[in-house]
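The values are calculated or read from the model by the stated rules, or taken from the named source; none is laboratory data. All values reported here derive from a predicted model rather than from experimental measurement. Please note: Cβ atoms are built from the backbone with ideal geometry, for glycine as well, and neighbour counts cover all protein chains shown. Only protein heavy atoms, including side chains, enter the accessible area calculation; ligands, DNA and RNA are left aside. Shrake-Rupley method; radii C 1.70, N 1.55, O 1.52, S 1.80 Å.
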Amino acid sequence: MILIAGPYRSGTNDDPVLIQQNVHEMESYALPIFRAGHIPILGEWLALPLVHLAGSKQIGDKGFAEIFHPIATRLLEKCDAVLRVGGASVGADEMVRIGREFGLKIYTSPAEIPNAKS
């Protein structure tokens, strides 16, 4: 399982359209990773529904902070690697740091990811 880590809020001024563009950019790596025989995952896929259920009304509020980054950290405990994509992001860099602490492989390009089928 490979966590795709990239900017979520960075550079968006919390504009929902720009945030969705960031998510779409991260998601664009998922299918090639799957086709290479791995399971791609974004923390956002798990965090955002839970953030909503926690009663979050805006990015950065208590419900958001309770879940958004902590779920990615928990997810890293189950992952084999991290693919760091996109531009500047404190959160994505934190996922890389934690991934290294856990001994995960860190990729900075999809081209570095080996085909799991071979």
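Among the conditions (1) open to solvent by 90 Å² or more (accessible area, probe 1.4 Å); (2) in contact with a Ser or Thr (Cβ under 7 Å, 6 or more places away or on another chain), the only one that residue 10 does not satisfy is (1). Under the condition of being in contact with a helix residue (DSSP H, G or I) (Cβ under 8 Å, 6 or more places away or on another chain), among the hydrophobic types (A, V, I, L, M, F, W, C) and either under 22 Å from residue 21 (Cα atoms) or modelled with pLDDT under 95 (or both), the residues counted in segment 61-102 number 9.
Out of all the residues in segment 52-60, is one or more under 13 Å from the mean Cα position of the chain (by Cα) and open to solvent by 20 Å² or more (accessible area, probe 1.4 Å)? No, the conditions are met nowhere in segment 52-60.
Can you confirm whether segment 26-34 contains a residue that is under 17 Å from residue 87 (Cα atoms), open to solvent by 40 Å² or more (accessible area, probe 1.4 Å), assigned to a helix (DSSP H, G or I) and of a type in the set (A, V, I, L, M)? Talk me through it step by step, then tell me what you get.
Step one: of segment 26-34, the residues under 17 Å from residue 87 (Cα atoms) are 26-29.
With the extra rule that they be open to solvent by 40 Å² or more (accessible area, probe 1.4 Å), the set shrinks to 27-29.
From what's left, assigned to a helix (DSSP H, G or I): 27.
With the extra rule that they be of a type in the set (A, V, I, L, M), the set shrinks to none.
No: zero hits.
Could you check, for segment 69-79, whether at least one of its residues is free of Cβ contacts under 8 Å to residues at least 40 places away in the same chain, over 16 Å from the mean Cα position of the chain (by Cα) and exposed (fewer than 12 other Cβ atoms within 10 Å of the Cβ)? Looking through segment 69-79, none of the residues is free of Cβ contacts under 8 Å to residues at least 40 places away in the same chain, over 16 Å from the mean Cα position of the chain (by Cα) and exposed (fewer than 12 other Cβ atoms within 10 Å of the Cβ).
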